[in-house]
Amino acid sequence: QVQLVESGGGLVQPGGSLRLSCAASGFIFSIYPMSWYRQAPGKERELVASISSASGSTNYADSVKGRFTISRDNAKNTVYLQMNSLKPEDTAVYYCKANRYATTYWGQGTQVTVSS
């Protein structure tokens, strides 16, 4: 069975940091581009960051560029999202996604709340 399990979310103050992890199993992780999405209450789910399978090329939403870093460890079947300088507007449920051609897998999400 395919699983993507996010962890590392929680409550942090503005300016703080969190490191999200997404542990993958049940598919060939190393050949799948991976992404992090987020969805805030009342808003559409949006792409935050993505990373390619082979080259490790990354892309970021303008809103997080310079603050967030996506990385992956294919030996551990894990993708990470390091989030620094967090802002209240970063508050959302963060989802891990694997997508290759017609195949898409989603994690269950982890809550990130940035508040004083």
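The values are calculated or read from the model by the stated rules, or taken from the named source; none is laboratory data. As the structure is a prediction and not an experimental result, all values here were calculated from the model. We place every Cβ from the backbone using ideal geometry, glycine too, and count neighbours over all the protein chains shown.
For this structure, a couple of remarks:
- Selection of the range 49-69 for residues being among the aliphatic types (A, V, I, L, M) and modelled with pLDDT under 95 yields only Ala54.
- A count restricted to the range 64-116 and to residues that are within 15 Å of the chain's Cα centre (by Cα), under 16 Å from Gly8 (Cα atoms) and of a type in the set (A, V, I, L, M) stands at 8.
- Scope the range 84-98; condition assigned to a strand (DSSP E or B) and either closer than 13 Å to Ser52 by Cα or among the hydrophobic types (A, V, I, L, M, F, W, C) (or both); matching residues: Ala92, Val93, Cys96, Lys97, Ala98
- Flag if Ser116 is in contact with a helix residue (DSSP H, G or I) (Cβ under 9 Å, 6 or more places away or on another chain), part of a loop (DSSP other than H, G, I, E, B) and surrounded by 14 or more Cβ atoms within 10 Å (Cβ to Cβ): no
- Only one of Ser17, Ser52 that is small (Gly, Ala, Ser) and closer than 14 Å to Val79 by Cα: Ser52
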